[in-house]
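Structure first, commentary second.
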Amino acid sequence: MKSMKLYSDVHRIYNNLVALGIGPQDGLSVAALTPFDQYHYDGTEAVDLALSRLDLPAYARILDIGAGIGGPARYIADTTGAHVTALELQPDLDDVARDLTRRCGLAARVTHECGDILDGHPRGPFDAIISLLCMLHIPEKHRLFAACRAALRPGQAMYIEDFAHSRPLTEAEAESLAVKVQCTQLPTPDEYRAHLAAAGFSDISITDVTQDWRRVSASRVKAAKAAHDANVALHGAATVAGLEDFYAAVDALWQGGALTGLRILAR
C-alpha cells in the first residue's frame, strides 16, 4: 500500500497542526482536523450524505471500513453521538488515528481496530457500515461483501463510495491503477450490483457521481499546484512530490474516462 503516496508519510498531519499553533500534546477539536483528515472526495459533505442515506437509529453502532487516520469516524461520533468502530489495515494510519481520537476526547465513542475485514474483524453486529474510497483496494469482492453482510444486523444498510469502470481499460491505465492506486480489479456498476446481491443484499441503490468526482479530482490537482511552495516548506520536497504525482495520476484516469464514481446503498 505504501506505493500509494496518499498513504505514505501519514504523520504529515502533525505538520499541518503545528502550522496552526497546535502542539503534539495539545487537545484537539474535530473541526480543527477536518481540513486534513478526510482522504476521500467531498470531505465531511460526503459523510453527511452517507448519514442521511443510512437513516440511523439512536445510539447506533457503525463500522467504518478503511478508516484511514480516523476522520470520518471522529466526525460521525462527534456529530451524532453514535459509536464508531474504525477498522484500518495499515498500522501507521491506525496509530495516528488513535492519537488524534484520544486528543479529541472521543476515545469512548470511537474504537480503533487494526485489522482486515476479510479475516472477520471486527465482531458485530453493527447497525450500519460506511466505507469511503476503500473497497477499490480489495479485489475479493465476494469475500468482502459476505464479511460485510455477516457484520450487519438483519435489515440494516451499508453505504459505499467507490470506483468502478464503464469501458475496457488500456494497459497503461490498468498499470497506473495497480501501481499508483493499489487497485488491481475494477468492477463495472453491474458487476458491483451482482457481487452485493450474491452476498445477500437485496435492496441496492447505485448512483453515478462520475462528473462530480472528475471535477473534484481536477480541483485537487489545481489546489496542490497552487500550494506547492507552502507544502514543500511544511512537509518536504519528497512528500509533496509523491502526493502531487498521486493526484496527477488519478486525475489522468478520471479525465481520460477510465473511472466511474459510485455511491451505493445496500440493505
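Rule-of-thumb check for the chain: C-alpha Rg over 2.2 N^0.38 Å? Write out the running numbers ahead of the final one.
Numbers: Rg = 17.9 Å, N = 267, 2.2 N^0.38 = 18.4 Å.
After normalising by residue count via 2.2 N^0.38 Å, the value is 0.97.
Rounded, prolate or oblate: pick one for the range 23-97, where a ≥ b ≥ c are the square roots of the eigenvalues of its C-alpha gyration tensor, a/c under 1.5 means rounded, and failing that, prolate if a/b is larger than b/c, else oblate.
prolate
Evaluate the distance, in nm, between pseudo-label points positioned 7 Å from the Cα of S219 and of A172 along their respective Cα→Cβ axes.
Spacing of the two 7 Å Cα→Cβ label points: 2.8 nm.
At a temperature of 4 °C and a viscosity of 1.567 mPa s, determine how fast the range 98-165 diffuses translationally according to Stokes-Einstein, using the Kirkwood radius over alpha-carbon pairs as Rh; express D in µm²/s, rounded to the nearest whole number.
The diffusion coefficient I find is 96 µm²/s.
Below 11 angstrom from the Cβ of L136, what's the summed charge of the other residues (Lys, Arg +1; Asp, Glu -1)? Kindly include the intermediate steps, with their values, before the conclusion.
Numbers: positive: K141; negative: E161, D162.
Surrounding charge for L136 is -1.
What percent of all Cα-Cα pairs in the range 194-267 falls into each 10 Å bin, going from 0 up to the bin containing the maximum distance?
Distribution as computed: 18, 32, 24, 17, 8, 0 percent.
Given the C-alpha centroids of the range 1-27 and the range 73-126, what is the distance between them in whole angstrom?
Each part's Cα centre sits 18 Å from the other's.
Can you compute the label reach from A150? Point 7 Å from Cα along the Cβ direction, backbone N cut-off under 11 Å, restricted to the range 81-122.
Flagged as within label range: 117-122.
List the GluC sites (Glu not before Pro) within the range 119-219 that DSSP assigns to loop and that have no more than 15 neighbouring Cβ atoms inside 10 Å.
When the GluC sites (Glu not before Pro) of the range 119-219 are filtered for loop state and at most 15 Cβ neighbours within 10 Å, E140 remain.
222 nm [θ] for the chain, helices only, -39500 (n - 2.57) per DSSP H run of 4+, per residue, to 500?
On the way: 11 runs with 122 residues, N = 267.
It comes out at -14000 deg cm²/dmol, rounded to the nearest 500.
Mind jotting down the three principal axis lengths of the range 1-142 based on Cα atoms? Whole angstrom, largest first.
Rounded to whole Å, the extents work out to 44, 37, 26 Å.
Ordered by residue, what ³J(HN,Hα) values in Hz, to whole numbers, does the range 35-40 give under the Karplus form 6.51 cos²θ - 1.76 cosθ + 1.60, where θ = phi - 60° and Gly and Pro are x?
x, 10, 10, 9, 7, 7
List the residues whose amide H sits under 5 Å from the amide H of V209, counting only those 5 or more places along or on another chain, with H placed 1.01 Å from N in the peptide plane.
Amide H neighbours of V209: G261, L262, R263.
Looking only at the chain, where both bridge partners belong to it, what percent of the DSSP beta bridges are antiparallel (to the nearest 5)?
Given both bridge residues lie in the chain, the antiparallel proportion sits at roughly 40 percent.
Any read-out appearing in this document is the output of simple, stated calculations on the displayed coordinates, not a laboratory observation. What you see is a predicted model, and the numbers here were worked out from it, not measured in a lab. Counting neighbours? That spans all protein chains shown, and the Cβs are built from the backbone with ideal geometry, glycine included.
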